[in-house]
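Right, one structure below, let's go through it.
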Amino acid sequence: MTMEPQEYHEALAQLAWQVELGADEAIGAVGVDRYAEKLIPKKVEKTVEKQSSKVVDEPVDISAEAARLAAGSGDLEALRAALEGFDGCALKRGARNTVFSDGNPAARVMIIGEAPGRDEDIQGKPFIGKSGQLLDKMLAAIGLRRNAEAAEEAVYITNVLPWRPPQNRDPLDDEKAMMKPFLMRHIELVKPQVLLLVGNPSSQTLLETDQGVTRLRGKWHKVAGIPALSIFHPAYLLRVPAKKREAWADLLMLKTKLDEG
Ligand code: URA
């Protein structure tokens with residue numbers, strides 16, 4: 001493609017402006033004019049067939065749609081497909097992959113993190129970047145591995161959000177609330193013996209509280225009748241290694257619970 005010098009300098013200035021705004025990578029070969037796109041409305045128009053068999057356009061509540069899709073998913077593959085087909089959450093449009101889960105679905109322990117980061121978005125699996133590597137080491141210290149065949153030694157991992165938030169920002173309340181029906185159905189289908197809630201967004205969403213892990217950790221809670229333990233996020237432990245001592249105490253609580261059977 002040839003460019004006039006004027007266009008070249010304009011393009012360069014626009015690129016510099018985007019870098020200043022925080023854009024740190026190119027995700028497509030062809031530019032997308034986001035200003036020309038319509039914002040996702042709170043209600044989406046969907047064609048539904050009424051009992052009268054007359055076809056009408058009527059607004060569908062996105063949260064109700066999420067709940068309906070989640071409830072209608074009879075197994076994990078159906079739930080994955082339902083998530084991949086759900087367009088109500090704007091995060092999906094900026095994500096490369098829907099990050100559904102990793103590990104052994106027969107595991108006794110189900111781990112719930114926050115949202116994919118850059119590495120997870122690229123590879124389509126949760127917790128594989130630096131914090132995932134620390135999580136794996138923490139689990140190994142109590143004899144657990146994400147891909148162990150034996151259910152007693154395995155874990156199953158997912159996140160509150162299946163799509164990476166831009167610049168790894170914290171998930172918004174609306175996003176967590178919208179995706180919660182999928183998460184609850186995910187837990188229902190896996191039927192773990194124990195839940196490990198990793199970090200604030202996961203703990204707060206599932207324990208329905210504003211308290212942080214500092215207050216929530218060190219004791220057992222219940223989520224849908226399942227014992228749940230809240231633990232510091234490995235990304236936080238990488239920043240504040242002094243907190244590893246408390247995380248270790250929490251891991252030992254988990255091990256004791258599993259040893260009790
Ligand atoms: N942090 C999370 O909470 N989940 C991931 O999958 C990766 C990083």
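Express in nm, to one decimal, how much length is gained between Leu189 and Asp173 on full extension, taking 0.36 nm for each residue of separation and deducting their alpha carbon distance.
Computed gain between Leu189 and Asp173 is 3.3 nm.
Go ahead and run the numbers for FRET between Arg93 and Lys222, Cβ-Cβ distance against an R0 of 51 Å, rounding to 0.05. The partial results should precede the final answer.
Values: r = 35 Å, r/R0 = 0.70.
Rounded to the nearest 0.05, the efficiency is 0.90.
Calculate, in nm to one decimal, what Thr214 and Lys130 gain on full extension: separation in residues at 0.36 nm each, minus their alpha carbon distance. Don't skip to the answer; put the middle values down first.
On the way: separation 84, 0.36 × 84 = 30.24 nm, distance 2.20 nm.
Fully extending the segment from Thr214 to Lys130 adds 28.0 nm.
Taking a label point 7 Å from the Cα of Glu152 along the Cα→Cβ vector, which residues of the stretch 86-118 have an amide N closer than 17 Å to it?
The answer is 106-109.
If you filter the stretch 131-199 for GluC sites (Glu not before Pro), then keep DSSP loop positions with at most 16 other Cβ within 10 Å, what is left?
Listed in order of number, the matching sites are Glu149.
Given C-alpha coordinates of the stretch 62-260, what is the ratio Rg to Rh with the Kirkwood estimate of Rh?
Looking at the stretch 62-260, the ratio lands at 0.93.
In the stretch 213-244, which trypsin sites (Lys or Arg not before Pro) fall in coil by DSSP and have 13 or fewer other Cβ atoms within 10 Å? Can you show the working numbers first?
Values: sites: Arg215, Arg217, Lys219, Lys222, Arg239, Lys243, Lys244; in loops: Arg217, Lys219.
Those that pass, being in a loop and sparsely packed, are Lys219.
Between Ala11 and Glu246, 0.36 nm times their residue separation minus their Cα-Cα distance comes to what? It would help to have the intermediate numbers written out before the result.
On the way: separation 235, 0.36 × 235 = 84.60 nm, distance 5.05 nm.
Difference between extended and current length: 79.5 nm.
Coordinate-derived values only; no laboratory data. Since the structure is predicted, the reported quantities are computational estimates derived from the model, not experimental observations. Here the Cβ is made from the backbone with ideal geometry for all residues, glycine too, and neighbour counts use every protein chain on show.
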